[in-house]
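Here's the structure we're looking at; comments come further down.
Bear in mind that the values in this text are calculations on the coordinates, not laboratory data. Please read all numbers here as calculations on a predicted model, not as lab measurements. Quick reminder, even Gly has a Cβ in these numbers, built from the backbone with ideal geometry, and neighbours come from all protein chains shown.
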Amino acid sequence: MNRIALPDFPWDSLAEVKATAQAHPGGVVDLSIGTPVDPVPDGIREALASVSAIPGYPTTHGIPALRDAARGALARRHGVDGIEPDAVLPTIGSKEAVAWLPRLLGFGPGDVVVIPELAYPTYEVGVLLAGASVLRADSTVALGPQKPAMIWLNSPSNPTGQVLPAEHLRKVVEWARERDVVVVSDECYLALGWESDPLSILHPDVCDGRTDGLIAVHSLSKSANLASYRAGFLTGDPRLIKQLLEVRKHAGMIVPRPVQEAMVAALTDDEALATQRERYARRRLVLRKALLDNGFRIDHSEAGLYLWATRDEDAAATVRWLAERGILVAPGTFYGPKGGKHVRVALTATDERVDAAVERLTQ
């Protein structure tokens, strides 16, 4: 039996420095992973419970109210209009979608999938699971004469927080359409712009109101604190969404019915989103200042839930320096070879823990 060779899970390698950070008298401040820590809004919890007595199987395509809520949120929050009612597909969080999209779209041996040079590790894993080949590139120029099967975009970026301008996104879309290449845009941090306003690949300034060949990936983990619910969705080209729906029906990749109801509540509650944004903005402000005051440089980081920080030294040395102060972060090498001198600092810790990190850096 042939086994798929996958890389080691990156965060497992932090065990030693994590132990160092945990030994700090004030305990560890874990800024190494982007897991939400704030309360799930009451309205979402009530929505989850309201259908907990339903015994039957949920629909893979999601209830109509969920698809309508997703379309409404895209229009209100991101200026994306004209999404067809059937062109929304709920997923069991966004990570499983990222991991399985190349395979579910039918790509495999002989196909090339482009991922960003600095990228969420699951992009690469998804390509490997499909048996396809990975190519790291941040521009179509770098591809030369190659015709990939699929291109991953990520704006705002995890880990760098970089926002791709409309002109760049538009050029990628035009290039891909000329060559019949699928473009998938990871937009999980789209609602968290700080110094610039991120655009969806489905925004009319990018795609001229046409969704052909395009898929956008969305998540409610960060914006609504629903990481434990596993709540995400795909949208874009109705033809591609239909293809994915058919495969997911066979595979039983279904979002539980109570979670679907919770997603409706989250996608219609703009006030809760604004409150969560304020929490992250405050943490970002104080952490950024503390890092800058300690000789760090912050690159990009104009959006999203991370600060992409460097002291122009090997990332492992920076991780150790922070761990000695009880602060755990992720080395940039988790995200690609070009991350060797950066660390990713997450904003996803409680105010108390963020303040503890700031105090330690100040001392």
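The region of the chain that goes longest without hitting one of the trypsin sites (Lys or Arg not before Pro) in a DSSP loop, each with at most 15 other Cβ atoms within 10 Å, is 4-209. Rounded, prolate or oblate: which fits the range 103-231 when a ≥ b ≥ c are the square roots of the eigenvalues of the alpha-carbon gyration tensor, with rounded for a/c under 1.5 and prolate only if a/b beats b/c? Since a/c reaches 1.5 but b/c is at least a/b, the shape of the range 103-231 is classed as oblate.
With 30 Å as the limit, the listed pairs 289/338; 147/341; 95/242 have 147/341 beyond it between alpha carbons.
Which residue fluctuates the most in the chain, going by a Gaussian network model with Cα springs under 10 Å, if the choices are 51, 112, 343? Of 51, 112, 343, the most mobile in the Gaussian network model is 51. Rounded to the nearest 20, the size of the Cβ-charge dipole of the range 1-82 about its Cα centre is 320 debye, with Lys and Arg at +1 and Asp and Glu at -1.
Extents of the range 1-132, taken as max minus min of Cα coordinates on every principal axis and listed largest first, are 49, 48, 37 Å. Remark: the Cα gyration tensor places the range 202-274 in the oblate category, a/c being 1.5 or greater and a/b not exceeding b/c.
How much net charge surrounds residue 286 when only other residues with a Cβ under 14 Å from its Cβ are counted (Lys, Arg +1; Asp, Glu -1)?
+2
For Cα extents along the principal axes in Å, one of (1) 56, 53, 47; (2) 68, 57, 44; (3) 71, 60, 39 was computed from the structure I shared and the rest are decoys. Which label? This structure yields the entry labelled (1). Calculated from the alpha-carbon coordinates, the range 208-363 shows an Rg and a Dmax of 19.5, 57 Å respectively.
A crude spin-label estimate for the pair residue 180 and residue 212, with each label 7 Å from Cα along the Cβ direction, gives 1.2 nm. Charged side chains reduced to their Cβ positions (Lys and Arg at +1, Asp and Glu at -1) give the range 243-287 a dipole of some 300 debye around its Cα centre. Return the tail of the calculated pair distribution for the range 16-71, meaning the percent of Cα-Cα pairs more than 14 Å apart. That tail contains 75 percent of the Cα-Cα pairs.
Within the shell of other residues whose beta carbon sits under 13 angstrom from the beta carbon of residue 116, the net charge comes to -2, with Lys and Arg scored +1 and Asp and Glu -1.
Rounded to the nearest 500, the helix-only mean residue ellipticity at 222 nm of the chain stands at -12000 deg cm²/dmol, with each DSSP H run of n ≥ 4 adding -39,500 (n - 2.57). Projecting the Cα positions of 198, 176, 188 onto the charge dipole of the range 103-209 (unit charges on Cβ atoms of Lys, Arg, Asp and Glu, taken about the Cα centre) puts 176 furthest along the positive direction. Amide H contacts under 5 Å for residue 138: 117, restricted to partners 5 or more places along the chain or on a different chain, H placed in the peptide plane at 1.01 Å from N. Relative to the Cα centre, the charge distribution of the chain, modelled as +1 at Lys and Arg Cβ and -1 at Asp and Glu Cβ, gives a dipole magnitude of about 500 debye.
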